[in-house]
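The values are calculated or read from the model by the stated rules, or taken from the named source; none is laboratory data. Just so it is clear, the structure is predicted and the values come from calculations on it, not from any experiment. Virtual Cβ from ideal backbone geometry, glycine too; neighbours counted across all protein chains shown.
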Amino acid sequence: MKLTHVLHFLGWAGLFGLAYTQAPLYYSNQNQYCLHGLAAVDRGPLHDDWLANTASPTPVFDVLISVTVKYGHEFAFYGYYVLLLGLYWSSLVGLFEHLAGIQATSQRRLAFAAVLMLAHSALLRWASYRLFDADYPCYLQGWLAAQYILGPVFQPSTFGVFLIAGIHQFVRNRPLLAVTCLGLACIGHATYLLPAGILTLTFAGLLVADRRPRQALVIAAAALFLVLPVIFDIAAKFQPTTPEAFAEASRILVEVRIPHHCAPRQWFDAVAGLQVAYVAVAWLLGRRTRLFPIMGVLFISSILLTLIQLATGSTSLALLFPWRNSVVLLPLATMIFATRLVQFAGRWIESTTVTVFSISTIVSVTIAGFGIMASHQSYATNATEEPLMQYVRLNRRPGDLYLLPVTVPNFAGNRGSISGDFKPRRGLASDGRLIPIDYQRFRLAAGVPIYVDFKAIPYRDVDVLEWYQRVQWNAAITEARVVTRSELVARGITHVVVTRDRDFTVEGTKLLFEDDHFRLYGVVP
């Protein structure tokens with residue numbers, strides 16, 4: 001690879017990364033997926049956290065977090081995400097060149113880049129919330145069943161960009177590199193085993209149809225070799241303890257914790273229906289190309305498996321997320337629509353005026369993305385927690401265990417999936433389709449163990465049952481506004497956080513910290 005190619009990749013990755021934006025460290029899902037890695041390198045007393053000692057579904061990601069923090073700095077997480085964003089970008093641009101063929105002139109590539117960057121830009125999503133109180137542009141890239149590849153932060157799901165990279169490499173007639181990319185997606189996050197398996201079988205079938213059966217066998221064997229360690233790891237860690245425990249844990253995950261991911265009756269609404277139609281039209285627009293059968297198998301298998309899950313009510317199938325293929329299909333659909341738009345414009349797209357407009361669009365959304373990040377107009381957090389977390393960071397000790405207020409969201413009656421990344425802070429707390437942002441950063445930002453929270457969860461069946469018991473107890477005392485010293489001591493809790501706007505009785509404690517928003521009590525030995 002030439003140095004100019006590397007610089008070209010990094011340049012576009014940087015532009016796309018700024019236009020797309022990133023959330024601050026330990027926002028949303030990072031609080032769960034960075035925990036095991038940080039606990040392994042003794043980030044404060046996090047190694048004593050109960051959740052940090054449960055089985056991790058993403059061991060390779062944990063190692064990456066640990067090595068980065070031990071030998072570098074956590075700010076490298078931003079850089080990792082920019083590289084993955086660059087791979088996503090370059091793969092979609094490469095697929096455009098495949099579809100456009102000889103029509104992919106430099107002016108048309110620039111126009112396509114402008115359309116694609118605008119569709120993914122923070123500016124468009126920010127403006128959508130201000131104008132319509134909804135993030136409609138996010139549905140062009142994902143959020144069917146609240147699932148996506150490109151989220152607000154570097155996390156295991158972002159390794160899904162390797163699925164799109166794999167499709168790109170296959171249409172370029174590099175099948176071995178294609179299944180290597182699919183394997184990397186699964187190594188990053190085991191949830192991609194199903195779409196990667198479907199894609200591998202599709203690639204092998206297309207090679208057989210091309211009278212290349214030996215190569216089909218080679219890529220199938222290579223794909224299996226790459227994912228076998230992932231399969232063995234998942235099987236060893238998360239096999240059912242007992243049929244009853246597994247069934248109840250699955251029910252809790254599907255009905256209580258993640259119905260917005262798992263229950264089609266919960267997440268399917270008019271917007272989801274439009275997304276399905278959007279993919280179907282894009283698929284037809286891609287006919288007579290190598291992409292057509294690939295998208296077709298992904299699309300049809302998703303629909304069939306979803307209908308089977310609805311008919312059977314299987315929680316095991318629901319937790320496989322057969323509709324997660326949408327995280328690949330929706331970006332491909334947006335790429336196809338952008339490609340056909342550029343082709344439809346014909347030679348007019350190559351005019352100087354359009355070229356200047358394309359450059360202006362790319363520059364504008366890049367600058368706007370940086371401005372939105374710098375002015376904190378996205379990825380809202382509760383800034384009032386900062387003084388409390390600062391106090392805890394400075395005074396943490398081994399053996400500390402913090403009890404935070406817990407409220408169990410009521411997802412029932414709130415159909416559909418939304419992104420709250422660009423929703424103004426004042427509207428987040430009242431939206432029943434979103435998990436409250438309060439205290440999500442507390443564990444990692446303060447670097448202390450907490451008893452439980454609703455956002456971060458384990459996956460082994462007995463651990464899910466334990467998590468649910470903790471949540472129920474914690475939610476009950478939060479609602480009752482009273483807890484006894486004996487209950488705290490029995491659970492090893494040493495500190496209790498309460499909000500100033502709620503009277504809370506906690507005996508046998510002393511006040512350690514107080515401001516306009518919070519009180520922190522320490523349990524008297």
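Cβ separations smaller than 7 Å between residues 6+ apart or across chains give the following pairs from segment 499-517 residues that are of a type outside the set (S, T, N, Q) and at pLDDT 90 or above to residues that are surrounded by 12 or more Cβ atoms within 10 Å (Cβ to Cβ) and in a loop (DSSP other than H, G, I, E, B): ASP516/ARG500; HIS517/ARG500. Go through the residues of segment 61-68 one by one and say whether even a single one is surrounded by 23 or more Cβ atoms within 10 Å (Cβ to Cβ), among the small types (Gly, Ala, Ser) and under 23 Å from the mean Cα position of the chain (by Cα). Checked against the condition, which is being surrounded by 23 or more Cβ atoms within 10 Å (Cβ to Cβ), among the small types (Gly, Ala, Ser) and under 23 Å from the mean Cα position of the chain (by Cα), segment 61-68 yields no hits at all.
Run down TYR439, TYR459 and say which single residue is surrounded by fewer than 21 Cβ atoms within 10 Å (Cβ to Cβ) and either on the phi > 0 side of the Ramachandran plot or part of a loop (DSSP other than H, G, I, E, B) (or both). Only one candidate passes the filter, namely TYR459. The residue list VAL227, VAL256, VAL297 contains one member that is free of Cβ contacts under 8 Å to residues at least 60 places away in the same chain and either part of a helix (DSSP H, G or I) or loosely packed, with under 15 Cβ neighbours inside 10 Å (or both), which is VAL227. Residue by residue through segment 477-511, note down the ones that are more than 17 Å from TRP50 (Cβ to Cβ) and part of a helix (DSSP H, G or I). Passing the criteria: ILE477, THR478, GLU479, ALA480, ARG485, SER486. Any chance you could count how many residues in segment 162-193 are of a type outside the set (A, V, I, L, M, F, W, C) and surrounded by 21 or more Cβ atoms within 10 Å (Cβ to Cβ)? Here the count works out to 9. Considering each residue of segment 453-469 in turn, none proves to be hydroxyl-bearing (Ser, Thr, Tyr), under 23 Å from VAL524 (Cα atoms), modelled with pLDDT of 90 or more and not assigned by TED's automatic domain parsing to the domain that holds LEU18. A residue that is in a helix (DSSP H, G or I) and either buried (at least 24 other Cβ atoms within 10 Å of the Cβ) or within 10 Å of the chain's Cα centre (by Cα) (or both) occurs somewhere in segment 140-156. Residues in segment 473-494 that are surrounded by 14 or more Cβ atoms within 10 Å (Cβ to Cβ) and of a type outside the set (A, V, I, L, M): TRP473, ASN474, THR478, ARG485, GLU487, ARG491, GLY492, THR494. Here the condition is being outside any helix (DSSP H, G or I) and out of contact with any Gly (no Cβ under 7 Å at 6 or more places or on another chain); of THR306, THR289, it holds for THR289 alone.
Could you tell me which of the residues ASP400, ASP421 is of a type in the set (Asp, Glu), assigned by TED's automatic domain parsing to the domain that holds ALA490 and over 30 Å from VAL254 (Cβ atoms)?
ASP400
Somewhere in segment 314-336, is a residue assigned to a helix (DSSP H, G or I), without any contact (Cβ under 8 Å) to a residue 60 or more places away in the chain and more than 23 Å from the chain's Cα centre (by Cα)? Looking for residues that are assigned to a helix (DSSP H, G or I), without any contact (Cβ under 8 Å) to a residue 60 or more places away in the chain and more than 23 Å from the chain's Cα centre (by Cα), one finds none in segment 314-336, hence no. Selection of segment 15-39 for residues being of a type in the set (A, V, I, L, M, F, W, C) and either closer than 30 Å to SER360 by Cβ or buried (at least 22 other Cβ atoms within 10 Å of the Cβ) (or both) yields LEU15, PHE16, LEU18, ALA19, ALA23, CYS34, LEU35, LEU38, ALA39.
Just to be sure, is ALA338 farther than 30 Å from GLY522 by Cβ and at pLDDT below 95?
Spelling it out, it is not the case that ALA338 is farther than 30 Å from GLY522 by Cβ and at pLDDT below 95.
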